[in-house]
Amino acid sequence: MTRQRPVPGIKRYNAPAGGWGALKATAKAVREQMDASEAAVTLFRTNKPDGFDCPGCAWPDKEHTSTFQFCENGAKAVTWEATKKRVTPEFFAEHAVSELWNWTDYELESAGRLTHPVAYDRASDRYKAISWEDAFQRIGAVLRAQQDPNHVEFYTSGRASNEAAFLYQLFAREYGTNNFPDCSNMCHEATSVGLPQSIGLGKGTVSLEDFDHCDLILSFGHNPGTNHPRMMGTLHECAKRGVPIIVFNPLRERALERFADPQNAIEMSTFGYANIASSYYQVKVGGDAAALKGIMKALLALDRTPGRNAPVIDHAFIAEHTRGFEALVADLDATAWADIEAASGLERGALEAVASAYAQANATIIPYGMGITQHTKGTDNVQQLANLLLMRGQIGKPGAGICPLRGHSNVQGDRTVGITEKPGADMLARIEATFGFTPPAEHGHDAVAGMQAIIAGQSKVLVCLGGNLAVALPDPEQCFPAMAELDLAVHIATKLNRSHLLVSKEAIILPCLGRTEHDIQPSGPQIVTVEDSMSMVHSSRGKLPPVSEYLRSEPAIIAGMAAATLPHSKVPWLELVEDYDRIRDMIEAVFPDFQDFNTRVRVPGGFRLPLPATQRIWKTPSGKAEFIIFKGLNEDPIVADGAVLRLTTIRSHDQYNTTIYGLDDRYRGVFGRRDVVFIHMDDLAALNIQHGDAIDIETALPAQTPLRLSGFTAIAHNIARGSIAAYYPEANGLVPLTYHDPQSGTPSYKSVPVRIMRHA
Ligand SMILES: Nc1nc2c(c(=O)[nH]1)N[C@H]1C(S)=C(S)[C@@H](COP(=O)(O)OP(=O)(O)OC[C@H]3O[C@@H](n4cnc5c(=O)[nH]c(N)nc54)[C@H](O)[C@@H]3O)O[C@H]1N2
Ligand SMILES: Nc1nc2c(c(=O)[nH]1)N[C@H]1C(S)=C(S)[C@@H](COP(=O)(O)OP(=O)(O)OC[C@H]3O[C@@H](n4cnc5c(=O)[nH]c(N)nc54)[C@H](O)[C@@H]3O)O[C@H]1N2
Ligand SMILES: [Mo]
């Protein structure tokens with residue numbers, strides 16, 4: 001290999017993931033945000049039976065009863081919320097909104113926790129303190145003045161508790177709309193739409209215990225060392241047990257290669273580590289469906305091999321439990337190996353080896369993340385994972401199943417308690433029976449449709465329960481200016497972000513309690529509840545004093561807005577928030593799966609919601625699990641031009657979605673910067689671009705005006721050929737808002753055809 005010239009901020013990182021590097025990074029997060037003594041106690045309270053649920057990821061804990069599980073990025077999430085820094089009315093008096101606009105996303109959030117409700121004052125271009133009562137009255141007045149309730153968008157980000165989310169959907173539905181853009185629409189919507197068609201359940205089927213019994217893991221498109229760090233403990237145990245872990249990822253992610261468990265005293269003292277992946281396949285960006293078709297085709301061939309005594313395909317399971325297998329076989333037979341190899345970037349032999357490992361395993365788990373879902377064919381991708389599992393009867397038995405890695409810590413729970421733009425008849429009937437009003441049945445907007453309605457000038461009010469919608473969505477050039485045309489934007493938030501600075505005719509920021517803080521209501525201290533990736537519902541109780549006496553809880557804020565908007569409401573808003581047990585009783589009344597909610601959630605570890613597919617009960621229209629065919633092999637339109645690459649957008653190790661904790665991405669060898677694009681060295685050479693050159697990137701979609709991003713730095717990286725990667729949200733300007741999965745509405749953040757050229 002030729003020696004690369006030095007590029008500022010780019011260094012090779014040779015150590016395993018985790019280990020001492022993780023401990024050092026945690027100490028740094030604590031030092032920068034909190035008092036060390038306070039932090040030790042706070043971190044110790046994370047994911048304890050009587051503590052709070054980690055606001056980081058949705059990976060479950062061993063029954064939420066284990067001793068402290070160390071997690072660097074969980075520590076960052078907690079210290080970021082429990083910071084000593086404050087954004088007060090004095091802060092806003094000092095900094096005009098137009099000045100703050102020029103701050104980076106990192107600087108905005110690191111200014112600290114919001115302490116007071118504030119409203120935008122156009123004359124001074126500043127946010128100014130406002131009383132809670134005045135804020136609620138103003139919101140109520142604008143909402144009541146709308147001609148049509150469908151002109152209002154109610155956005156939810158997945159950190160909201162079940163109690164907050166339930167009240168929020170109730171408020172919007174009594175007001176009269178199903179416009180529920182939700183962070184899940186940018187995330188695992190392909191799972192929520194795809195899996196019900198396949199197996200009659202839009203959630204994962206495995207539990208944490210299943211990982212103790214599996215003998216093969218096929219991992220697709222997720223980066224747990226950064227995004228689900230507590231999963232690394234599980235993968236580490238499986239690897240030590242000798243379970244093969246086969247990884248499909250265009251990038252060589254360090255934590256999937258080797259990991260040193262900071263909980264393991266021997267590994268730490270000897271600088272030891274475990275190899276995680278037994279085989280690592282650098283599939284092309286967007287090439288997973290082709291790879292999966294290849295594995296299924298090879299599996300068929302094995303099954304047809306004369307003289308095999310044990311059948312490779314579970315024909316008995318298929319006959320009893322599924323439909324559509326013959327059509328799948330016909331499609332696989334008609335698909336040529338050469339096309340599979342070209343579309344996946346993987347060789348036939350490699351895919352045959354995976355099929356052979358799968359054929360020998362008794363219990364297989366497939367975990368997957370955004371590398372599968374955020375595509376124009378995200379729903380179809382998810383369904384290919386289900387097909388592969390169904391072929392060997394790997395759903396509904398111990399140690400096997402499908403394992404979507406959810407994003408936000410309660411994104412799954414928010415959907416369970418009614419945040420959906422397409423409500424089912426059952427839920428609507430129960431809301432009506434419980435509360436005595438008729439909720440709207442007409443489908444509302446998801447995230448992309450909601451923003452499109454704002455751009456069209458049709459939606460006039462945006463209420464955000466957390467999040468940073470404008471920055472999280474694709475195409476800021478369209479989204480940012482449209483936000484300024486709204487009549488009103490309301491943001492319920494813990495920290496300042498760019499969406500708050502897109503001030504509309506009126507803009508109000510309402511500061512709320514975070515997970516880590518005490519929530520005291522008239523009946524006493526409250527717990528809230530959340531649902532993790534494995535459908536376990538458990539309680540979360542904040543432990544720290546609130547950062548300001550003016551904060552209110554999310555349920556209290558929603559109730560305040562609702563009471564001010566709906567003077568003749570059928571819902572006793574203010575009574576409900578006096579004691580959250582009352583909200584949970586209402587959740588139980590609307591969702592029968594929450595039977596005995598208040599009792600069961602007080603059992604340490606909580607309870608699991610029913611998952612029919614785990615008992616081989618398929619809640620599909622046919623009553624069977626369905627094989628669903630992926631038509632063709634490619635998701636992107638074929639651009640007949642060898643210079644077209646596929647761009648994927650990814651998270652660094654120092655960020656939580658649009659929250660940037662720091663500018664390093666240690667495991668990928670990037671320090672102090674985020675303006676880079678990862679490219680294979682042979683692709684660089686073919687384009688006559690050098691490692692470290694400044695480049696411009698331009699979308700290459702037929703019949704679309706190209707979107708451009710300029711002045712990024714090209715970095716030679718171990719990534720599949722033909723694929724390039726850049727950080728989210730910096731690269732969102734290259735994702736067209738209209739380029740999304742038609743079935744689930746999920747933007748194609750993980751595959752956009754682009755060209756790159758030397759910076760002009
Ligand atoms: N610390 C931290 N934790 C988080 C988050 C965070 O930002 N920071 N975000 C939370 C949220 S909301 C979510 S949704 C999850 C996200 O968790 P992940 O799903 O892990 O998120 P990403 O970093 O977007 O991408 C994951 C991986 O997909 C790979 N990939 C990209 N394109 C493709 C492809 O076409 N095929 C395949 N097979 N792989 C591909 C990338 O190389 C990357 O390793 O994490 C949650 N947890
Ligand atoms: N290009 C590209 N774009 C993407 C993605 C990608 O992979 N690539 N991923 C997508 C995904 S998976 C997701 S989930 C979305 C994320 O989209 P969002 O959920 O909208 O964004 P976040 O960055 O998680 O939101 C951060 C803000 O939430 C607020 N916040 C934090 N904690 C709390 C709390 O406890 N309560 C309240 N009320 N507010 C709080 C803070 O003000 C903070 O600034 O982005 C999507 N966008
Ligand atoms: Mo997400």
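The values are calculated or read from the model by the stated rules, or taken from the named source; none is laboratory data. Note that the coordinates shown come from a computational prediction; the quantities given were computed from them, not determined experimentally. Cβ atoms come from the backbone with ideal geometry, glycine included; neighbour counts cover every protein chain shown. Side chains included, ligands, DNA and RNA excluded: accessible areas come from the protein's heavy atoms. Shrake-Rupley method; radii C 1.70, N 1.55, O 1.52, S 1.80 Å.
Using DSSP to define loop residues, name the trypsin sites (Lys or Arg not before Pro) in segment 628-698 whose beta-carbon has at most 10 other beta-carbon atoms within 10 Å.
Sparse-neighbourhood loop trypsin sites (Lys or Arg not before Pro): Lys631.
In whole angstrom, how far apart do the alpha carbon centroids of segment 704-731 and segment 92-107 sit?
Going from one Cα centre to the other spans 28 Å.
Students often forget the sequence filter, so: which lysines lie under 21 Å Cα-Cα from Lys505 once same-chain residues fewer than 8 apart are removed?
In chain and number order, the partners are Lys128, Lys460.
If you keep only loop residues by DSSP, which GluC sites (Glu not before Pro) in segment 430-521 have at most 15 other Cβ atoms within 10 Å of their Cβ?
Loop-located and lightly packed - Glu442, Glu485.
Ranked highest first by average number of other Cβ atoms within 10 Å, how do 290-297, 416-423, 303-310 line up?
In descending order of packing, they fall as 290-297, 416-423, 303-310.
Could you give the accessible area per residue of the chain, probe 1.4 Å, as a whole number in Å²?
Dividing the accessible area of the chain by its residue count gives 35 Å².
Around Pro439, with a cut-off of 14 angstrom between Cβ atoms, what is the net charge of the other residues, counting Lys and Arg +1 and Asp and Glu -1?
-1
On a straight-distance basis, which aspartates and glutamates could pair with Lys750 in a cross-link, Cα separation under 13 angstrom, same-chain partners fewer than 8 positions away excluded?
Asp288, Glu635, Asp636, Asp741
Local charge sum around Ser523 (other residues, Cβ-Cβ under 12 Å, Lys/Arg +1, Asp/Glu -1)?
-4
What's the carbon and sulfur percent of segment 189-404's accessible surface, probe 1.4 angstrom, rounded to a whole number?
50
Which of the trypsin sites (Lys or Arg not before Pro) found in segment 541-595 are in a DSSP loop and have at most 16 neighbouring Cβ atoms, other than their own, within 10 Å?
When the trypsin sites (Lys or Arg not before Pro) of segment 541-595 are filtered for loop state and at most 16 Cβ neighbours within 10 Å, Lys570 remain.
Per the Kirkwood definition applied to all pairs of different Cα atoms, how many angstroms is the hydrodynamic radius of segment 645-758?
Final number for the Kirkwood radius of segment 645-758 is 14.5 Å.
Using a simple spin-label model with points 7 Å from Cα along the Cα→Cβ vector, what separation in nm is obtained for Asp682 and Glu237?
Simple spin-label model gives 4.0 nm for this pair.
Based on the inverse mean of 1/r over its pairs of different Cα atoms, what is the Kirkwood hydrodynamic radius of segment 51-205, in Å?
Mean inverse Cα-Cα distance, inverted, gives 19.5 Å.
Can you give the local net charge around Gly745? Use residues other than it whose beta-carbon is closer than 12 angstrom to its beta-carbon, Lys and Arg +1, Asp and Glu -1.
Net charge in that neighbourhood comes out at -4.
Could you work out the relative contact order of the chain, using alpha carbon pairs under 8 angstrom and six or more residues apart, expressed as a whole percent?
21
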